[in-house]
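Peer 1: Got a structure for you, questions after.
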Amino acid sequence: MKKRSKSKATIDKADRSLQDWFRKTYPDDKCEVCGLLAQVRHHHNEKSKSNAGRYNHDNLIALCHSCHAKITFGDNNVVATYSIKRGPEWVERMKQLKKARKQYYTKGELEIIIKKYETK
């Protein structure tokens, strides 16, 4: 059995590395809802509910801060908009991803993720 990483700092660093990588790699990406400049990658399947989707690119939605805030405050129209745009096949993949189980990431796995997404 793998030992669980107790370092929230390492998880936060891996999450930040992923977000920074997307911003650097796709600087002109548009919000999938309103078309403004995307500033964040929102996890369709929440990190707290689907660790399997935490670093899965298909689970990440390009959003501006405004549309991301709307999701945070429960605006399901935002989710409906990008879900329709992405299509029924994507919705089905997200359902399957939500069912996938990954209990946690080890410190070694997180360090690999950090290295993979390091921006220089």
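Peer 1: On average, how much accessible surface per residue is there in segment 19-82, in Å², for a 1.4 Å probe, leaving out ligands, DNA and RNA?
Peer 2: In whole numbers, segment 19-82 has 53 Å² accessible per residue.
Peer 1: OK, next. Kindly express, to the nearest 10 degrees and within the range 0 to 90, the angle between helix 107-116's C-alpha long axis and the longest C-alpha principal axis of the chain.
Peer 2: That works out to roughly 50 degrees.
Peer 1: Something else about it: On C-alpha positions alone, give me the angle between the axis of helix 76-86 and the longest principal axis of the chain, in degrees, nearest 10.
Peer 2: With rounding to tens, the tilt is 90 degrees.
Peer 1: Could you work out [θ]222 nm for the chain from helices alone, using -39500 (n - 2.57) per DSSP H run of at least four and dividing by all its residues? Round to the nearest 500 deg cm²/dmol.
Peer 2: -15000 deg cm²/dmol
Peer 1: Let me ask something else about it. What FRET efficiency, computed as 1/(1 + (r/R0)^6) with R0 = 41 Å and r the Cβ-Cβ distance, is obtained for K95 and A9, rounded to the nearest 0.05?
Peer 2: After rounding to 0.05, the efficiency reads 0.80.
Peer 1: Obtain the nm distance between the two label points defined at Y104 and S48 by a simple spin-label model: each point lies 7 Å from its Cα along the Cα-to-C-beta direction.
Peer 2: 1.8 nm
Peer 1: Can I ask one more? Would you mind listing how long the chain runs along its three principal axes, going by Cα atoms, in whole Å with the largest first?
Peer 2: Largest first, the chain extends 41, 35, 25 Å along its Cα principal axes.
Peer 1: With all protein chains present, how much of the accessible area of the chain (probe radius 1.4 Å) comes from carbon and sulfur, to the nearest whole percent?
Peer 2: Reported share for carbon and sulfur atoms: 54 percent.
Peer 1: Something else about it: Under 8 Å for C-alpha pairs, at least 6 residues apart: give me the relative contact order for the chain, rounded to a whole percent.
Peer 2: 37 percent
The values are calculated or read from the model by the stated rules, or taken from the named source; none is laboratory data. Computed from a predicted structure; not experimentally measured. Cβ: placed from backbone, ideal geometry, glycine included. Neighbour counts: every protein chain shown. SASA here: full protein model, heavy atoms, side chains in, ligands and nucleic acids out. Shrake-Rupley method; radii C 1.70, N 1.55, O 1.52, S 1.80 Å.
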